[in-house]
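These notes are about the structure you will find just below.
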Amino acid sequence: MLDLKNYDSLGAALRDALERWPDEVCLIEADRDREKCRLTYGQFKEAALPLAAALQEVGFAAGDGSASLSTSRAAIIMTNQSKWLISAYAIFYCGGVLVPLDYKLTPEEHLALLAHSKARVLIVEYHLWRAITQAEGFPQLSAETVLVTEAPPGAELAGARRWEEFRGSGMPQFIPRGRKDMASIVYSSGTGGRPKGCVMTHGNYLEQCMALTALYPFWPGVRYLSILPTNHAIDFMVGFIGPFTCGAAVVHLRTLRPEYVREAFPRYKITYMSLVPLVLKNLEKGLRARFAELPPHKKLVFDALVAFNRALTRRRPNLALSRRLLRQVHQAFGGEVRALFVGGAFTEPATLQFFYDLGIPVANGYGLTEAGTAVTLNDFNPFRPDTVGKPLPGMEVRIVNPAPDGIGEVAVRSKTVMSHYLDDPEMTAETIVDGWLITGDLGRMDATGHLQLFGRKKNMIVTQEGKNIYPEDIETAFEGLPVKEFCVFAAHYLWPERTMVGEQLMIVLRLEAGQEMSQALRADLAARNRRLLNYKRISGYVLWELDFPRTASLKIKRAVLAEQIGQQLTRASVVPL
């Protein structure tokens, strides 16, 4: 791999990777059973540089002054595909700042984040662009240049240009950046509350890549299956920067139907894959169902082999042994899997143990957008399914104000921690204190240096899909609700529980004097809730009889209100919707 200590920016590292491995395959894109695209590093370079030249021709990242740096931002809204990575490299080559946005957000959320990030360029898939153009706020779109991918012939593009035709002439100028310069703005929440734009530097990413590849190296011939969105912090690092700086290949699937994901493993001899707990759990259910269908005598033999493999690999994986003992299982996974990575939310130890017993190690990790990607990761030395692993190289983890049982708030200090929240010094000061990132998660370090998690101190939840949901972002869906006032909370924020499961959102309603919780009001509440994406929905409501405490500027004192509710009501007070 490249020695990233010698580089100051992602653009420089990626540029050298394309030169170093011109004939190695770097990208494979498949749609169902058809391969759409296969690029070597040399071909990737040939596709990206004309795009970079065209960006420079329209003034993107022109010059080298501070004023230029404040406006040279480009957003990408796309599903996983080769054009995502090609576009990102062109942006970095021009010295620009990448704004990766979640394609699953609503058009209104996309427009709000585009405005907040001050992105000059937007690169977007055609079907997503159509939805944006139909949104009420579209006339206020902040981007000056919009590039649309895969637009049908003759389609109305509302002033946008076709990505495939946006090509410059001549060789673009490579614009160097420093380690402390802004590389990307990554949003860790939606837009109903305060947009949380994490400003990540080039140094943040380079340090994170070095830490991860020290434990799980890539090399030419390794193939990483990318199924998480590339805008996600995990896949951006492990499904782009990591493989590319090591000469490995990334496999993108344009459909994530389970049968096509399964077929990709043997077809492309996958080495690594990252996934969220929900997907891992579904994979476990599918495998258990298939094992249960075995004839009794074969099931008996299979169970004995699994038990034997577990006994022989109790402390550390032995891939060669497991592949011999459980040959058919490993053949179904392509025979080359070295590890799966899971993170973004809590994973049950029993699920991790299930895969480990099959000889398919799942490296459980803990991280957050503000810390780059991962803070801790299981290195299987030894296998510990009850923890989220040890701190990665260069990571300092401490427990703030631990209780007698050692549980306290997790704080992190490293070169991977973000620079700041975009345009929000107040929230930055609350989150980074004396150089330490205050995570809001409750944990304990055990005697062997492994981190165990026990719940959250902050008012948020994390879904099994790895989505961070901040209650403040949900409240816009309930604006205009015919009540005196309302507030959305994470249930565990009101009634702390030392657990990472069962996280739910709920709404606190303060009715008008003499008002009752009528069927009409309940129906209105339920209808608004249904309009939210399923992972953002509240689970129930609580009626509160006192006026909400407020500041002089009439903002709700959320912490004070949460303490009052937690003291006077129990979780049993929540009425399910």
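Values in this text are rule-based calculations from the coordinates and carry no lab data. A quick note: this is a predicted structure, and the numbers were derived from the prediction, not measured. As a convention, Cβ positions derive from the backbone with ideal geometry for all residues, glycine included, and neighbour counts pool all protein chains shown.
Data table
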read-out: Ranking of GLU370, GLU497 by count of other Cβ atoms within 10 Å, fewest first; value: GLU497, GLU370
read-out: Cβ-placed point charges (K, R +1; D, E -1), dipole of the stretch 468-576 about Cα centre in debye, nearest 20; value: 220
read-out: Qualifying GluC sites (Glu not before Pro) in the stretch 222-317, DSSP loop, other Cβ atoms within 10 Å at most 15; value: GLU293
read-out: For the chain, with +1 on Lys and Arg beta carbons and -1 on Asp and Glu, the positive-most of PRO404, HIS297, VAL238 along the dipole; value: HIS297
read-out: About the Cα centre, charge dipole magnitude for the chain (Lys/Arg +1, Asp/Glu -1 at Cβ), debye; value: 1640
read-out: Among beta bridges that DSSP assigns inside the chain, antiparallel share in %, nearest 5; value: 55
read-out: Qualifying lysines (Cα of each under 29 Å from Cα of LYS299; at least 8 residues distant if same chain); value: LYS269, LYS281, LYS285
read-out: Shape category assigned to the stretch 468-576 from the gyration tensor of Cα positions, a/c cut at 1.5; value: rounded
read-out: Sparse-neighbour loop sites [trypsin sites (Lys or Arg not before Pro); the stretch 285-321; at most 16 other C-beta within 10 Å; DSSP]; value: ARG314, ARG315
read-out: Subset of LYS36/LYS196; LYS118/LYS467; LYS458/LYS536 violating a 27 Å alpha-carbon distance limit; value: LYS36/LYS196
read-out: Karplus (6.51, -1.76, 1.60) ³J(HN,Hα), θ = phi - 60°, over the stretch 330-338, in Hz, Gly and Pro reported as x; value: 6, 5, 5, 8, x, x, 10, 5, 9
read-out: Anisotropy class of the stretch 280-323 from Cα gyration tensor, a/c 1.5 cut; value: oblate
read-out: Sites matching trypsin sites (Lys or Arg not before Pro) across the stretch 1-100 that sit in DSSP coil, with at most 14 neighbouring C-beta atoms within 10 Å; value: ARG32
read-out: Cβ-based exposure ranking for PHE341, PHE333, in which fewest neighbours within 10 Å come first; value: PHE333, PHE341
read-out: The stretch 468-576: relative contact order as a whole-number percent, Cα under 8 Å and 6+ apart; value: 28
read-out: Amide H within-cut-off set for LYS36, under 5 Å, with H built and near neighbours excluded; value: GLU29, ALA30, ASP31
read-out: For the chain: relative contact order, % (alpha-carbon pairs under 8 angstrom, 6 or more apart); value: 11
